[in-house]
Amino acid sequence: MKILVLNCGSSSAKFAVIDPESGEEFISGIAQRLGSPQASLDWKFGGKKETKELPGADHDQALREVVALLHETKLADGLRGVGHRVLHAGTKFSGSRLATPDVIAKTEECIPLGPLHNPPNLLGIKIAEQLFPGLKNVAVFDTAFHQTMPPRAYRYAVPAEWHDKFMVRRYGFHGTSHRFVAGQTIKQFGLDPNNSAVITVHLGNGCSCAAVQNGKCVDTTMGLTPLEGVVMGTRCGSVDPALVGYMSKNLGKSAEEIVDFMNKKCGLLGLSGLSNDMRTLVEAKDKGHEGARLAIEVFCYVLAKHIAGLAVPLGRVDVMAFTGGIGENSWPIRAQLMGHLAFLGLSLDEAANRANGKDTGGRISRETKPQAVIVPTNEELMIARDTAEIVGAS
Ligand code: AMP
């Protein structure tokens with residue numbers, strides 16, 4: 001079976017054709033800088049990378065190019081459905097859904113919660129409906145996995161009116177990645193699905209952690225928006241909310257401008273004054289760059305505090321699973337982080353950690369509990385699996 005997976009952002013569209021059973025990826029690519037003279041389509045097929053310039057192309061034109069490519073590569077005929085990454089479902093959906101008019105309408109109602117992402121995500125569904133009239137579309141929501149959080153985890157200490165009228169609560173993001181990694185961890189490391197305590201640690205350019213009890217999310221670090229929680233590439237993570245008013249006055253800028261700055265210019269980038277890219281920072285730190293050293297120190301310390309905090313809802317930690325570009329690849333960051341967490345009983349296997357768990361089946365700790373492991377995320381495969389299941393059942 002073949003599923004087309006689409007992830008439409010404000011100026012990009014990622015795509016892949018995947019076998020949901022074997023996980024085989026037949027083709028993958030990205031249309032970038034859409035709406036600009038530099039728009040282009042890059043793809044990988046049969047081990048070869050190719051690029052096509054698409055000056056001025058919008059989402060519709062780019063996806064038409066993708067369809068042409070799928071015909072050229074003979075992948076279009078075997079498609080059974082299209083799975084879409086959608087950011088925000090608010091409290092409306094706790095799982096993936098067939099993109100019926102009702103589901104689309106409810107996702108549109110969540111635009112105020114995800115103003116930058118939901119519109120292009122929905123546009124992707126609309127275009128796919130036109131380009132693949134015979135195929136069903138499935139929406140896979142980034143917030144859905146976290147809907148099992150209890151009120152004590154998702155409520156902010158604000159009046160009920162804010163919650164009831166303005167939907168103010170914690171939602172959590174990266175849900176597709178946390179669900180994939182938690183499920184894979186339970187399978188791969190022989191945990192009891194009905195009696196397991198896992199902390200999933202997604203460290204990419206965006207970073208978040210989730211406490212997963214018996215396969216269900218009970219708490220997570222991101223909140224109303226992806227700005228809350230740990231330090232990220234360009235996001236500051238949790239700060240005193242009064243900072244927004246304070247800096248708005250100091251700089252003569254609106255609250256929206258300050259929040260935008262906190263999303264795009266803070267985090268590792270702001271702290272280091274150098275880069276949001278962890279590889280660059282680790283290299284710079286080794287060469288004595290003070291900003292890089294401080295950024296890494298704050299990143300690891302804040303992350304450790306959040307991970308330790310997630311042990312509260314779980315009551316114990318069986319496994320801590322690292323994923324994402326940093327989580328899967330950066331041994332010095334994992335080592336520094338786990339230095340802070342030794343009091344939990346975590347004992348790092350230094351050689352296994354340096355080798356990114358390659359020779360130990362992903363395990364990077366000694367046999368003591370909690371275990372630390374690396375589980376590469378695969379959000380596209382998760383979307384393909386959900387799509388196959390829903391299309392098959394509909
Ligand atoms: P992602 O958003 O999951 O693609 O992750 C991006 C982050 O992962 C960036 O900060 C990269 O510097 C980091 N990263 C990717 N590969 C490596 C690597 N081999 N070593 C250290 N960091 C890496």
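The values are calculated or read from the model by the stated rules, or taken from the named source; none is laboratory data. Computed from a predicted structure; not experimentally measured. Please note: Cβ atoms are built from the backbone with ideal geometry, for glycine as well, and neighbour counts cover all protein chains shown. Ligands, DNA and RNA are stripped out before the accessible areas are found, and what is left, the full protein with its side chains, is counted by its heavy atoms. Shrake-Rupley method; radii C 1.70, N 1.55, O 1.52, S 1.80 Å.
Remarks
- With the simple spin-label model, which puts each label point 7 Å out from Cα in the Cβ direction, the Asp58 to Ala242 separation comes to 4.7 nm.
- In sequence order, calculated HN-Hα J values of the range 274-285 (Karplus, 6.51, -1.76, 1.60; Hz; x Gly/Pro): 10, 6, 8, 8, 5, 4, 4, 5, 5, 5, 5, 4
- Residue by residue, the range 170-187 carries 3J(HN,Hα) couplings of 8, 10, x, 9, 6, x, 5, 5, 4, 5, 4, 5, 5, x, 5, 4, 4, 5 Hz when phi is fed to the Karplus relation 6.51 cos²θ - 1.76 cosθ + 1.60 (θ = phi - 60°); x denotes Gly or Pro.
- Going by accessible surface with a 1.4 Å probe and the largest first, Arg170, Arg179, Arg152 read Arg152, Arg179, Arg170.
- Extension gain (nm, one decimal) between Asp359 and Trp162, 0.36 nm per residue minus Cα-Cα: 65.9 nm
- Model label sites at Arg80 and Asn194, defined 7 Å from Cα along the beta-carbon direction, differ in position by 2.9 nm.
- Each residue of the range 370-387 was assigned a 3J(HN,Hα) from its phi angle through the Karplus expression (A = 6.51, B = -1.76, C = 1.60, θ = phi - 60°), giving x, 7, 10, 9, 10, 10, x, 7, 8, 5, 5, 5, 4, 5, 5, 5, 4, 5 Hz with x at Gly and Pro.
- Ellipsoid equivalent to the range 206-262 - semi-axes via the Cα gyration tensor, in Å: 29, 10, 8
- Centre-to-centre separation between the Cα atoms of the range 152-192 and those of the range 258-273: 24 Å.
- Fully extending the segment from Glu367 to Ser11, taken as 0.36 nm per residue of separation minus the present Cα-Cα distance, adds 123.6 nm.
- For the chain, the fraction of 1.4 Å probe accessible surface lying on carbon and sulfur atoms is 53 percent.
- Of Lys49/Lys74; Lys165/Lys249; Lys48/Lys126, those spanning more than 19 Å from alpha-carbon to alpha-carbon: Lys165/Lys249; Lys48/Lys126
- Where GluC sites (Glu not before Pro) in DSSP loops with at most 15 other Cβ within 10 Å are excluded, longest remaining stretch of the chain: 25-366
- With DNA, RNA and ligands ignored, accessible area of Tyr301 (1.4 Å probe; Å², nearest 10): 120
- Applying 1/(1 + (r/R0)^6) with R0 = 30 Å to the Cβ-Cβ distance of Leu294 and Ala342 gives a FRET efficiency near 0.85.
- Put simply, the amide H of Gln371, placed in the peptide plane, has neighbours under 5 Å in Val319, Met320, leaving out anything fewer than 5 places away on its chain.
- Nearest 10 degrees, 0 to 90: helix 242-251 Cα axis against the chain principal axis: 80
- For the chain, the mean residue ellipticity at 222 nm estimated from helices alone is -12000 deg cm²/dmol, where every DSSP H run of n ≥ 4 contributes -39500 (n - 2.57) and the total is divided by all residues, rounded to the nearest 500.
- For the chain, the Cα-based Rg and Dmax, in that order, read 21.2, 59 Å.
- The mean of 1/r over all pairs of different alpha-carbon atoms in the range 152-296, once inverted, gives a Kirkwood hydrodynamic radius of 17.1 Å.
- Among Ser248, Ser330, Ser11, the largest mean-square fluctuation in a Gaussian network model of the chain (Cα springs under 10 Å) belongs to Ser248.
- Distance in nm between pseudo-label sites at Lys265 and Thr91 (7 Å out along the Cβ direction from Cα): 3.6
- Looking at the chain, the accessible area is 46 square angstrom per residue; that uses a 1.4 Å probe and ignores ligands, DNA and RNA.
- Cβ distances below 4.7 Å define possible disulfide partners, and in the chain the cysteines left without one are Cys8, Cys110, Cys207, Cys209, Cys217, Cys300.
- In plain terms, the chain from Asp42 to Arg152 could stretch by 35.1 nm, reckoned as 0.36 nm per residue minus the Cα-Cα distance.
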